[in-house]
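Let me begin by presenting the structure, written as structure tokens, before commenting on it.
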């Protein structure tokens, strides 16, 4: 029986926030992406990413979805009877950190015009 | 429905002294529309197989003795009726996720230890410690309603049989015990939330729950443990943030 | 065999046993307690009590009123000094439970609410919706966890008591889960094993209510007192006998016969009160014995409702409305739906009287001590003297905690004054007890079926010692029980190899206990040649036994074990302090009598 | 009965198989719910990659039939996530309708779920307007 307080609140908080973001934002974004794929010109991502609000929103959507997703995948491994260790923990949440940082860099550079 | 139909019931048998593993034994039981599974099992014990062991007592879904798997679903035998399985057959097994002691009897000592561990009693504040026995606490209907649903647990263990996280990790404190902890934490008479929070906040506390929700689905008393655990997670998370800013208060 | 030494051993972990254990632990944390129960504590039958627990709290209520209701309700067969102690301690015990977390139902201002109950002058029944026993038991069980000096022996079945020089010195248990026997040597023993309703086939009781403690004390020479008084609860669900609480009527439910007529007005409980306006001690709020007896009379008149499950009357709750029913009587709604397929908000519930409670029990003094030094008894298994010939609803739940506490303190004090028995001697005794019990395992030459004996016993008790009784049918039951005792000696156990959770073996021993208790009930009944409370006779010369006979029977019946023969019956006096026996009346007649009494007092 | 035996127990512990979730519809639904996380990560990654591309490349990329297929699957998965997420939410927010001490009515689950869907509809509209009109 352990006595160490769980750090789960951090991950759970991000997971919960991500779950909300996915539920509210991704249906619309995916719908627009699909329509765009069928030739309806409605998904102006490049332009949006250059606005301050677009870059900000995209950063939140991308990173929150990552945290949500990797959190569930981490727990899902346990559900599939894969004994999860600290290694799994570091790898999966590490990916969430890496992608969030990447998103930060990408959207910041978009906004500040560091790249095309 | 006509009187006295016959139900084929396959009952899981396991006698620790003689059997290597559980096996199924078939019985044919006459039933009417009022016949509960518990009555059917007692019929089997009285007239067909006196050896068969199972726990039971109150017959009215309040003592929590007779939880078992009915066609794979955890249920109270006394609140399961043969009429609902008319035309089908019934497979009765001991509650899932617990070791089988004998026939339909499982070892629930782990569950009981967990109930005991979460300090399921009022821990009064310093001022209330010596409250005279001539008065009660004032508890408004709203304060009472906030925990009352979570106080309806009959400790039948059905939620543990339903919980995949308990199946996968026996250290998980589990639905009923966590619900009881939360019930006392939010009782206006209690001042022991901080003590219980230490347990709730462990990895094997609320954080082992992945909100499958099946516990609430099968609970015979509609206690909704899944809800209590989510609320417990919220409380634990808030507590975590507070402790982060005021680390000095950590004992 | 494993031997455990403890100061106080408590047999039974329902309301009484748990309260006793807590009392011992609070009095002195160094006193060791063994809390022994054949089931996990929360399975104990206290859990099934629905209506509530009586405690004077209302402004218009007094201890004297509770005292009078209780003594008159018990048809003056109560120990009045004990009732005095009882009513004076109910409220503090109920507040104690409140402090421990019991969710008593509240008034809008946040204070404890009370409801009406049968036979009580004023509303004084504390309730936790209609799950009062459930909440009390769980509160007590959970609170007991706080005390490290309470060592629980869950799923330990008591085979016998240990006795040395006429003193009780421990118990021998069968650890059901491990399949081994364990001796618990103690300085004092409290029996808190509950009633014996399972002696009857149609009852509200759980399967575990088999009179174990009563039989244990009885076999050790302690008499069972007033065993003829068996309470029929007027409102059991047809078929299964599941209890529909008196709270149903306290909240305003009515009883009607096949013509929709509120028949209680024909049996001295009227005049009829308006529907939805229940009045204490009138109509449906009469005492249980009277209400049950009224059913029997209606049945004789052919005015009950015929159903495939037998005769019934209707408990009508429809006028209370769905919301109110779900707030005040949620369990009743759930049970009626599940076991009778009836939604009480929409249809009347078919009910009939059903065996519910044993007023009598192990004879104790007012402080729960039996005549055997070191042996205490409390709760339903005991006869401490508060219920007399008929228990009022909501007096028994509170009895468990008031006298549970007394038993705990008394047994703990006694334990401090004596030494353990001689270990070698007690061990030898224990081994003999185990040998005798497990002979059932070794010797499988028997031919009689336990379940058959059990069914025959239950049916015979219903037949002979039911709501109304006659010499002839009672004698028939006595003869049957005698024959069953003989057959019991020749029972067959099929599973002679299984040690772990061998319920066949356990049930066989339980049956032996219940048979003994049933014999006490029947023999006590046949010898009480009068009608009082729940003991109603139809016979006697010119029907002489139909009336109460204070000259000859204002006495407690004592049933002593007499070897293998029927119990020896003798009598003891009833303690009457200030409330002289009078005619026991309800409804308008009660109000007249009350006025008369006050006028006389004024003079 | 032998005197020194401590226990005759021999409890049988049922093995846990990795496919435990396949025997109940409820568990399957749960595992699907958890699996929606995979496509959520895919969508997030896709968005991130697309954000680095020019509008022409984005349009070209989204026209790829394989991408369309993945996006449709992702939409289905995200909708499943949304439905389950919203349906479970009332269990995590348990609030009384008013602060009145005598008020024992909790905000009904249906109301919470309806509010979530209204919010989702508004969010949908805002995102569409933003993508189509604002730039």
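Quick notes on this one:
- When the residues of the stretch C:94-122 are filtered to those that are more than 22 Å from the chain's Cα centre (by Cα) and under 19 Å from residue C:280 (Cβ atoms), the one that is surrounded by the most Cβ atoms within 10 Å (Cβ to Cβ) is C:114.
- Among the residues making up the stretch C:142-176, those that are under 13 Å from residue C:39 (Cα atoms), touching a residue at least 60 places away in the same chain (Cβ under 8 Å) and crowded, with 21+ Cβ neighbours inside 10 Å are C:152, C:153, C:155, C:156, C:157, C:158, C:173, C:174, C:176.
- Just one of the listed residues (C:258, C:279) is outside the structural domain of residue C:122 (by TED's automatic domain parsing), out of contact with any strand residue (DSSP E or B) (no Cβ under 8 Å at 6 or more places or on another chain) and surrounded by fewer than 18 Cβ atoms within 10 Å (Cβ to Cβ), and it is C:279.
- Pair list, Cβ under 7 Å, 6 or more apart: the stretch D:22-33 residue within 7 Å of chain B (Cβ to nearest Cβ), other residue part of a loop (DSSP other than H, G, I, E, B): D:23/B:72; D:24/B:72; D:30/B:212
- Yes/no for residue A:3 being outside any helix (DSSP H, G or I), over 17 Å from the mean Cα position of the chain (by Cα) and more than 18 Å from residue D:54 (Cα to Cα): yes
- Selection status of residue B:1, in contact with a helix residue (DSSP H, G or I) (Cβ under 8 Å, 6 or more places away or on another chain) and at pLDDT 95 or above: no
- Checked against the criterion of being in contact with a helix residue (DSSP H, G or I) (Cβ under 8 Å, 6 or more places away or on another chain) and under 30 Å from residue C:553 (Cβ atoms), the stretch C:434-443 has no qualifying residue.
- Hey, residue D:59 facing another protein chain (nearest Cβ under 7 Å), more than 23 Å from the chain's Cα centre (by Cα) and modelled with pLDDT of 95 or more or not: yes
- Only one of the numbered conditions (1) in contact (Cβ under 8 Å) with a residue 40 or more places away in the chain; (2) within 10 Å of chain D (Cβ to nearest Cβ) is violated by residue A:17, and that is (2).
- Hits in the stretch C:79-130 - residues which are touching a residue at least 60 places away in the same chain (Cβ under 8 Å), touching a strand residue (DSSP E or B) at 6+ places or on another chain (Cβ under 7 Å), part of a loop (DSSP other than H, G, I, E, B) and within 9 Å of chain B (Cβ to nearest Cβ): none
- Taken over the stretch A:20-55, residues that are free of Cβ contacts under 8 Å to residues at least 60 places away in the same chain, more than 7 Å from chain D (Cβ to nearest Cβ) and more than 19 Å from residue D:122 (Cβ to Cβ) amount to 7.
- Residue match in the stretch B:219-241 (condition: part of a loop (DSSP other than H, G, I, E, B), away from chain D (no Cβ under 13 Å) and over 22 Å from residue A:78 (Cα atoms)): yes
- Look at (1) within 14 Å of another protein chain (Cβ to nearest Cβ); (2) touching a residue at least 40 places away in the same chain (Cβ under 8 Å); (3) crowded, with 23+ Cβ neighbours inside 10 Å and you find that residue C:135 fails only one, number (2).
- Extreme residue, farthest from the other protein chains (Cβ to nearest Cβ), among residues of the stretch B:172-218 that are free of Cβ contacts under 8 Å to residues at least 40 places away in the same chain and touching a strand residue (DSSP E or B) at 6+ places or on another chain (Cβ under 8 Å): B:198
The values are calculated or read from the model by the stated rules, or taken from the named source; none is laboratory data. Keep in mind that this is a model prediction, so the values were computed, not measured. No Cβ is skipped: glycine too gets one built from the backbone with ideal geometry, and neighbour counts run over all protein chains shown.
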